[in-house]
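Notes to accompany the following structure.
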Amino acid sequence: MIGELLPPPVSAVEMFGDPERLPELFPEEEAVVARAVAKRRTEFATVRGCARTALERLGGPRVPLLPGERGAPRWPAGFLGSMTHCAGYRAAAVARTGGALASIGLDAEPHEPLRDDGVLELVSLPEEREHLAKLAAGHPRVRWERLLFSAKESVYKAWFPLTGQWLGFEQARVTFDPGAGTFEAELLVPGPVVDGVRVARFGGRWLVRDGVLLTAITVPRP
């Protein structure tokens with residue numbers, strides 16, 4: 001599923017659920033989830049197993065993958081990537097630095113309504129809510145409000161490694177193309193500078209399948 005959303009330079013691995021034998025964690029990783037509930041420990045281990053497999057496919061080292069500032073994963077030197085997990089799904093995508101891509105943002109969500117109706121107000125702009133209403137009228141089988149939430153999570157995950165700064169939900173305007181399975185995020189604040197060029201918008205892809213919706217952004221180098 002994830003391979004349909006990402007270009008060839010990216011090494012991506014996904015799992016539906018968790019293996020019977022969880023991937024082994026490094027002691028440093030064990031310390032991160034030492035007091036976590038079983039669900040959190042399981043997700044943490046499986047998604048890092050995905051990430052290590054993706055790294056190994058690119059010749060990367062087998063090292064601890066620890067959360068850094070604001071929870072963003074710290075990748076080994078020479079690599080960039082993104083991880084995500086939700087009920088029944090875990091995935092990681094990795095690429096080499098200095099190649100065609102500057103950043104990756106990946107997010108998965110259950111294909112269900114948002115738990116609280118107030119969440120949509122918090123994560124969307126008025127024009128985005130109008131856009132979702134039109135999409136829902138023409139394509140009622142997609143939970144567009146949940147897809148918007150996922151797309152904005154992917155926007156942030158692609159943004160943060162390039163800037164080291166917070167990006168609010170209201171600071172990007174997302175529009176979907178239901179026919180192409182793509183979306184565009186217009187940054188409403190000055191975008192990151194990549195190789196001397198300021199990036200004003202991110203392009204992404206999305207799909208809904210097997211009870212999961214998935215969004216992915218790759219930020220190309222100029």
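Tabulated values for the structure
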item	result
Residues with amide H under 5 Å from that of residue 103, placed H, sequence gap 5 or more	219
Globularity index of region 1-128, i.e. its alpha-carbon radius of gyration over 2.2 N^0.38 Å	1.13
Computed over the chain, Kirkwood Rh from alpha-carbon pairs, angstrom	17.9
For region 1-78 and region 148-163, distance of Cα centres in Å	18
Trypsin sites (Lys or Arg not before Pro) lying in DSSP loop within region 84-182, provided at most 15 other Cβ fall within 10 Å	115, 141
Surface per residue (accessible, 1.4 Å probe) for the chain, Å²	49
Three principal axis lengths of region 165-222 [C-alpha, angstrom, descending]	40, 25, 18
Kirkwood hydrodynamic radius (C-alpha pairs) into Stokes-Einstein, region 54-160, 20 °C and 1.002 mPa s, D in µm²/s	136
Simple Cβ-charge dipole of region 1-139, Lys/Arg +1 and Asp/Glu -1, about Cα centre, in debye nearest 20	560
Efficiency of FRET from Cβ geometry, residue 182 and residue 22, R₀ 41 Å, rounded to 0.05	0.75
Helical contribution to [θ] at 222 nm, DSSP H n ≥ 4, -39,500 (n - 2.57), averaged over the chain, rounded to 500	-9500 deg cm²/dmol
Student exercise, region 70-213 dipole from Lys, Arg, Asp, Glu Cβ charges, in Debye to nearest 20	500
At most 14 other Cβ within 10 Å, DSSP loop - chymotrypsin sites (Phe, Trp or Tyr not before Pro), region 135-166	166
Gain in span if fully extended, residue 122 to residue 175, counting 0.36 nm per residue against the direct Cα distance	17.4 nm
Accessible area of the chain belonging to carbon and sulfur atoms, whole % at 1.4 Å probe	51
Most positive-pole-ward Cα, 8, 187, 164, against dipole of the chain from beta carbon charges	8
Theoretical FRET efficiency, 1/(1+(r/R0)^6), r = Cβ-Cβ of residue 133 and residue 56, R0 41 Å, to 0.05	0.35
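The values are calculated or read from the model by the stated rules, or taken from the named source; none is laboratory data. The structure displayed is predicted, hence computed values, not measured ones. Note: ideal-geometry Cβ built from the backbone for every residue, glycine included; neighbour counts use all protein chains shown. When the accessible area is computed, the model is the full protein with side chains, heavy atoms only, and any ligands, DNA or RNA have been set aside. Shrake-Rupley method; radii C 1.70, N 1.55, O 1.52, S 1.80 Å.
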